[in-house]
There are 2 protein chains.
Amino acid sequence: MIALSIAAGERRDRSTTPAVGASGVSDSAVNLREFSPVSDLEANLEPFSKLRWSVDGLIPAIIQDADGGDVLMMAWMDRAALVRTLETGLTHFYSRSRRSSWKKGETSGHVQRVESIRIDCDGDVLLVKARQTGGACHEGYRSCFFRELDPSGRLSVVAERVFVPETVYSAKDANSGE
Amino acid sequence: MIALSIAAGERRDRSTTPAVGASGVSDSAVNLREFSPVSDLEANLEPFSKLRWSVDGLIPAIIQDADGGDVLMMAWMDRAALVRTLETGLTHFYSRSRRSSWKKGETSGHVQRVESIRIDCDGDVLLVKARQTGGACHEGYRSCFFRELDPSGRLSVVAERVFVPETVYSAKDANSGE
């Protein structure tokens, strides 16, 4: 839908380094394995220097379903989570309660395979298109956005569960969304 | 795509108060005019009590294009901006620099007509589906997410401008996105 238009000076040889999320390439994992290892990513500061992290060193990441386009969730990444996401092709986030990065789907198996990562104009929000296994929401829904405000200002559930949380999470991690 | 499933106890009489974003209803403005006035919204605390605002009294709002599903932008709302959004059916946000709410499109005319508002499982993120006039991005793009990380970690512009910023914004507000 969005025309490919690479700015002058930023054009690269696509024949050797295919764009992540390039249309017509269905196996995103293959693409992402072509990402440089962490050390090179760290050395190549361009994307990181363009990002504006919060005072806590975090950046919000919107996760959009590559299948259908539904917005699945929003979570926060620290630098380590972003590097791990780039390195593995699977989303990682930062847990404020545990003060460390965690892999989405670690417990549930409901991982998110990254297809592309975009950055907004201000460099302070990430948009990650990903292929979601199972459901993104720890409450059992495909998307965390399963409630809608109706005209009176009340909330209604507008989705159906795709899994039963109790069968996926133990009581310990029922609220972690892992 | 998402099946309508209203939880028991939350079902309302849809014949008199059609759901915002109900499929088959194309004129969202009509729906939104049926939102209760601010005073009633303030009195009906359900949605507000379910929201978890930041320590600054803000909540992130993801704006998704109701036409096509592209994620257009993310911005922050304070309580006043959310109330104004519900009241008018047009998105309003909070400006940290000016410390006040502002209407998206005030300067540019590139308003966003709200079709539906969803809340995530934790109640700390809003997802607003809206019909965008012109472009959401103050840099002239339809979406603020017009740059993509390629496999080497470099950024590439992957969209084309839909308007020329200089013809829409004065120098004064070129960075405000209004």
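Some points to look at:
- Residues located in region A:115-145, provided they are more than 7 Å from every other protein chain (Cβ to nearest Cβ) and free of Cβ contacts under 8 Å to residues at least 24 places away in the same chain: A:TYR141
- Taking the criterion of being among the β-branched types (Val, Ile, Thr), open to solvent by less than 30 Å² (accessible area, probe 1.4 Å) and either away from every other protein chain (no Cβ under 14 Å) or touching a Pro at 6+ places or on another chain (Cβ under 7 Å) (or both), the only residue of region A:101-114 that qualifies is A:VAL111.
- Test for A:SER156: is it out of contact with any Cys (no Cβ under 7 Å at 6 or more places or on another chain), crowded, with 18+ Cβ neighbours inside 10 Å and assigned to a loop (DSSP other than H, G, I, E, B): no
- Test result for A:SER97, open to solvent by less than 40 Å² (accessible area, probe 1.4 Å) and either at the interface with chain B (Cβ under 8 Å from one of its Cβ atoms) or in a loop (DSSP other than H, G, I, E, B) (or both): no
- Qualifying residues in region B:35-79 (those that are surrounded by fewer than 19 Cβ atoms within 10 Å (Cβ to Cβ) and polar (S, T, N, Q)) - the one modelled with the lowest pLDDT: B:SER36
Let's see how each residue does on (1) modelled with pLDDT under 90; (2) in a loop (DSSP other than H, G, I, E, B):
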site	(1), (2)
A:TRP102	no, no
A:GLY105	no, yes
A:CYS121	no, yes
A:LEU127	no, no
A:ALA136	no, yes
A:GLU139	no, yes
A:SER143	no, yes
A:GLU148	no, no
A:ASN175	yes, yes
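The values are calculated or read from the model by the stated rules, or taken from the named source; none is laboratory data. Here the structure is a predicted model, which is why all the values come from computation and not from measurement. Here the Cβ is made from the backbone with ideal geometry for all residues, glycine too, and neighbour counts use every protein chain on show. Side chains are part of the model used for accessible areas, which takes the heavy atoms of the whole protein and leaves out ligands, DNA and RNA. Shrake-Rupley method; radii C 1.70, N 1.55, O 1.52, S 1.80 Å.
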